[in-house]
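Asker: To start, I am sharing the structure in question, which I have written as structure tokens.
The values are calculated or read from the model by the stated rules, or taken from the named source; none is laboratory data. Predicted, not measured: the structure shown is a model, and the values here were computed from it. No Cβ is skipped: glycine too gets one built from the backbone with ideal geometry, and neighbour counts run over all protein chains shown. Surface accessibility is based on the protein's heavy atoms, side chains included, excluding ligands, DNA and RNA. Shrake-Rupley method; radii C 1.70, N 1.55, O 1.52, S 1.80 Å.
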Amino acid sequence: SRLMDLPACELHRLGEIADLVTSVRLSRIRKEKLALALNNEGYIPKLLQLFQVCENVKNTKGLHLLFDIVRGILYLDKAILFDVMFSDQCILGVAGCLEYDPCLAQPGCHREFLTKTAKLQEVIPIRDPELRQKIRQTSRAQYIQAIILPNPFDFEEGFLSTLNSFISSSKEEILHGLQKDEEFLPEVFARLTNEATAGEQRCELMKFFKEFCAFSFTLPEKRDELLQTLAKLGILPTLEMLMGMDDLQVRSAATDILSYLVEFSPAMVQEFVMQEAHQSENDTQLIIEVFEQMICSPDPELGGDNQLMEILCALIDPEKMLAIATNLEIVEFLDIFYDRYIHVLTAPLLADTSEEWYEIGNDNFNFFPFEGPYTLFFLVDNYQTAEILASVLELLSFCVEQHKYHMKIYVINKDLLRRTLALLKSKHKFLALCALRFMRRIIGLKDELYNRYITLGNLFEPVVNAVLDNRDRCNLLKSALMELFEFIQMEDIQFLIAHIVENFSDALESVKYIHTFQGLKTKYEQEKDQQNEKLS
């Protein structure tokens with residue numbers, strides 16, 4: 001069909017051009033016609049010449065109209081125009097037009113950013129000039145996209161989808177070009193592992209490699225081939241080394257890359273961890289590096305702990321291990337895990353509590369391998385420590401459910417639940433909730449050995465004290481405490497019901513208005529009556 005007629009590209013007709021560009025926004029056909037006309041008539045370079053004239057004579061009205069025109073052309077979202085606008089000849093003119101937003105009191109500094117700040121930094125020399133040009137064009141397109149992207153509520157879904165596709169396809173071209181260079185990835189690994197590599201250079205190299213992996217793994221057709229290449233180059237030993245470095249940015253980037261590998265190739269990472277566990281007895285193993293990074297996090301609030309938790313859960317989940325190992329091999333791995341690794345995870349929990357020993361006359365207590373009951377005091381209660389301990393407890397709760405036998409032995413040997421319940425006194429309620437959740441996971445297993453451990457150790461005492469401390473409050477901790485007792489009642493765990501009623505009924509008299517405790521007492525009395533009838 002006939003192309004759209006364009007006004008002559010002259011200063012006095014800028015208002016007419018702006019109206020035309022704005023008017024086609026809601027019509028797909030008119031947008032197509034306008035894009036073809038702009039391209040066929042070489043209109044964009046002519047507009048940029050007018051921009052130079054307006055800027056030289058400080059024609060503010062003309063500059064504001066050119067902002068609207070250039071942004072409107074970008075909003076047409078047509079690939080044939082992007083190739084022109086992001087070219088070396090036009091990009092600075094386009095960025096210049098976008099500096100004169102009528103809504104801003106002062107013009108922006110986009111050209112200064114593109115020419116001075118955002119210089120192409122080749123952490124590894126790129127030998128192909130066409131590839132270097134494609135990288136430069138893509139980085140400019142991403143910058144322009146960032147500054148023109150409107151409020152998402154102002155436009156429909158899929159807005160600027162062609163620009164997104166343009167950037168994605170450009171990135172794919174770049175990745176394919178880099179992967180075709182057989183010397184490229186080996187050189188990246190060589191520099192990362194070379195002790196002579198300067199800290200700043202290694203940091204920049206890691207930023208690049210992280211972005212390279214992040215985008216490469218989203219391309220299914222090339223993912224398996226890339227993973228095989230990375231495995232041959234020693235990606236996991238390299239990440240293990242980098243996660244042990246002092247540079248926080250390097251460690252963070254290495255953790256991000258490890259999380260990508262766990263997401264897209266968990267079997268590869270699990271196999272490496274299991275092999276390392278069987279082959280090595282030193283303390284510089286990948287799983288220990290992840291533990292130490294989690295418990296030494298300088299700022300757990302930033303979300304790094306959640307990422308590390310996901311990595312660890314994936315690595316020690318027996319169900320996921322079945323894809324690469326037999327049941328016997330999994331048991332052997334868990335034996336090693338609880339013998340050599342878990343002490344690193346529980347170190348903060350054991351370090352941040354103190355013990356006060358005292359004797360009680362209970363001959364049966366020697367059934368468990370700890371010396372006797374004791375009072376625990378929570379030593380450190382700052383926010384950062386509380387965040388780290390909360391992450392540790394979340395992972396230990398996962399272990400309670402997934403490693404039932406191994407974790408039970410560990411909890412009882414270390415009297416870990418008593419240590420954990422000391423945290424119910426923390427001023428940080430989220431930490432107290434994590435401690436209670438740990439006990440809830442244990443009780444949820446309805447395991448006889450766990451129940452004996454809890455009752456003989458009198459471990460309901462700190463829980464009952466927490467109930468009394470929160471009786472006049474309405475908070476999440478109180479609700480979680482009630483849910484624990486309701487679970488015991490609903491599941492009719494008589495061993496625990498008898499222990500609670502016989503030892504704490506007097507203390508709980510002050511909260512007898514809470515029906516849960518009355519229900520426990522009723523259950524206890526019913527069970528007692530049934531036993532008396534049987535005896536009779």
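Asker: For residue 196, state whether it is open to solvent by 20 Å² or more (accessible area, probe 1.4 Å), at pLDDT 85 or above, more than 24 Å from residue 114 (Cα to Cα) and hydrophobic (A, V, I, L, M, F, W, C). Outline the logic, then answer.
Answerer: Values: open to solvent by 20 Å² or more (accessible area, probe 1.4 Å): yes; at pLDDT 85 or above: yes; more than 24 Å from residue 114 (Cα to Cα): yes; hydrophobic (A, V, I, L, M, F, W, C): yes.
When the stated conditions are applied, residue 196 passes them.
Asker: Condition test on residue 531, is it open to solvent by 70 Å² or more (accessible area, probe 1.4 Å), farther than 19 Å from residue 421 by Cα and not aliphatic (A, V, I, L, M)? Walk me through how you get there before you give the answer.
Answerer: Numbers: open to solvent by 70 Å² or more (accessible area, probe 1.4 Å): yes; farther than 19 Å from residue 421 by Cα: yes; not aliphatic (A, V, I, L, M): yes.
Yes: the conditions hold for residue 531.
Asker: Ok, one more. What's the number of the only condition in (1) assigned to a loop (DSSP other than H, G, I, E, B); (2) closer than 29 Å to residue 390 by Cβ that residue 492 fails to meet?
Answerer: All conditions are met except number (2).
Asker: Sticking with this one: Among the residues of region 407-424, how many are surrounded by fewer than 18 Cβ atoms within 10 Å (Cβ to Cβ) and either in contact with a Cys (Cβ under 8 Å, 6 or more places away or on another chain) or free of Cβ contacts under 8 Å to residues at least 24 places away in the same chain (or both)?
Answerer: Going through region 407-424 one residue at a time, the tally reaches 0.
Asker: Among (1) part of a helix (DSSP H, G or I); (2) in the same structural domain as residue 393 (by the TED database); (3) open to solvent by 40 Å² or more (accessible area, probe 1.4 Å), which single condition is residue 486 missing?
Answerer: Of the numbered conditions (1) part of a helix (DSSP H, G or I); (2) in the same structural domain as residue 393 (by the TED database); (3) open to solvent by 40 Å² or more (accessible area, probe 1.4 Å), the odd one out for residue 486 is (2).
Asker: Is it the case that region 148-158 has a residue that's in contact with a Ser or Thr (Cβ under 9 Å, 6 or more places away or on another chain) and in contact (Cβ under 8 Å) with a residue 24 or more places away in the chain? Walk me through it before giving the result.
Answerer: Narrowing region 148-158 to residues in contact with a Ser or Thr (Cβ under 9 Å, 6 or more places away or on another chain): none.
No, region 148-158 contains no residue that is in contact with a Ser or Thr (Cβ under 9 Å, 6 or more places away or on another chain) and in contact (Cβ under 8 Å) with a residue 24 or more places away in the chain.
Asker: Looking only at residues that are of a type in the set (Asp, Glu) and within 15 Å of residue 514 (Cα to Cα) in region 451-476, which one is most open to solvent (accessible area, probe 1.4 Å)?
Answerer: Per the stated criteria, the residue is 472.
Asker: Of (1) surrounded by fewer than 16 Cβ atoms within 10 Å (Cβ to Cβ); (2) within 43 Å of the chain's Cα centre (by Cα), residue 77 satisfies all except one. Which?
Answerer: In the conditions (1) surrounded by fewer than 16 Cβ atoms within 10 Å (Cβ to Cβ); (2) within 43 Å of the chain's Cα centre (by Cα), residue 77 misses (1) alone.
Asker: Every residue in region 454-463 that is within 19 Å of residue 435 (Cβ to Cβ) and more than 36 Å from the chain's Cα centre (by Cα), please.
Answerer: Across region 454-463, the qualifying residues are 455, 457, 458, 461.
Asker: Which of (1) in a helix (DSSP H, G or I); (2) open to solvent by less than 10 Å² (accessible area, probe 1.4 Å); (3) at pLDDT 90 or above is the odd one out, the single condition residue 520 does not satisfy?
Answerer: (3)
Asker: Residues in region 392-404: is at least one among the β-branched types (Val, Ile, Thr), within 20 Å of residue 292 (Cα to Cα) and crowded, with 19+ Cβ neighbours inside 10 Å?
Answerer: Scanning region 392-404, I find at least one residue that is among the β-branched types (Val, Ile, Thr), within 20 Å of residue 292 (Cα to Cα) and crowded, with 19+ Cβ neighbours inside 10 Å, so the answer is yes.
Asker: Can you work out which of the residues in region 33-74 that are part of a loop (DSSP other than H, G, I, E, B) and in contact with a helix residue (DSSP H, G or I) (Cβ under 9 Å, 6 or more places away or on another chain) is most open to solvent (accessible area, probe 1.4 Å)?
Answerer: 59
Asker: List every residue pair whose Cβ atoms lie under 8 Å apart, where the two residues are 6 or more positions apart in sequence or sit on different chains, the first residue falls within region 221-233 and is part of a loop (DSSP other than H, G, I, E, B), and the second residue, located anywhere, is of a type outside the set (Ser, Thr, Tyr).
Answerer: 233/185; 233/186; 233/189
Asker: Here's another thing I want to ask about it. Quick one: what pairs do we get from region 251-268, first residue within 16 Å of residue 212 (Cβ to Cβ) and of a type in the set (D, E, K, R), second modelled with pLDDT of 90 or more and open to solvent by 40 Å² or more (accessible area, probe 1.4 Å), C-beta under 8 Å, 6+ apart or different chains?
Answerer: 256/210
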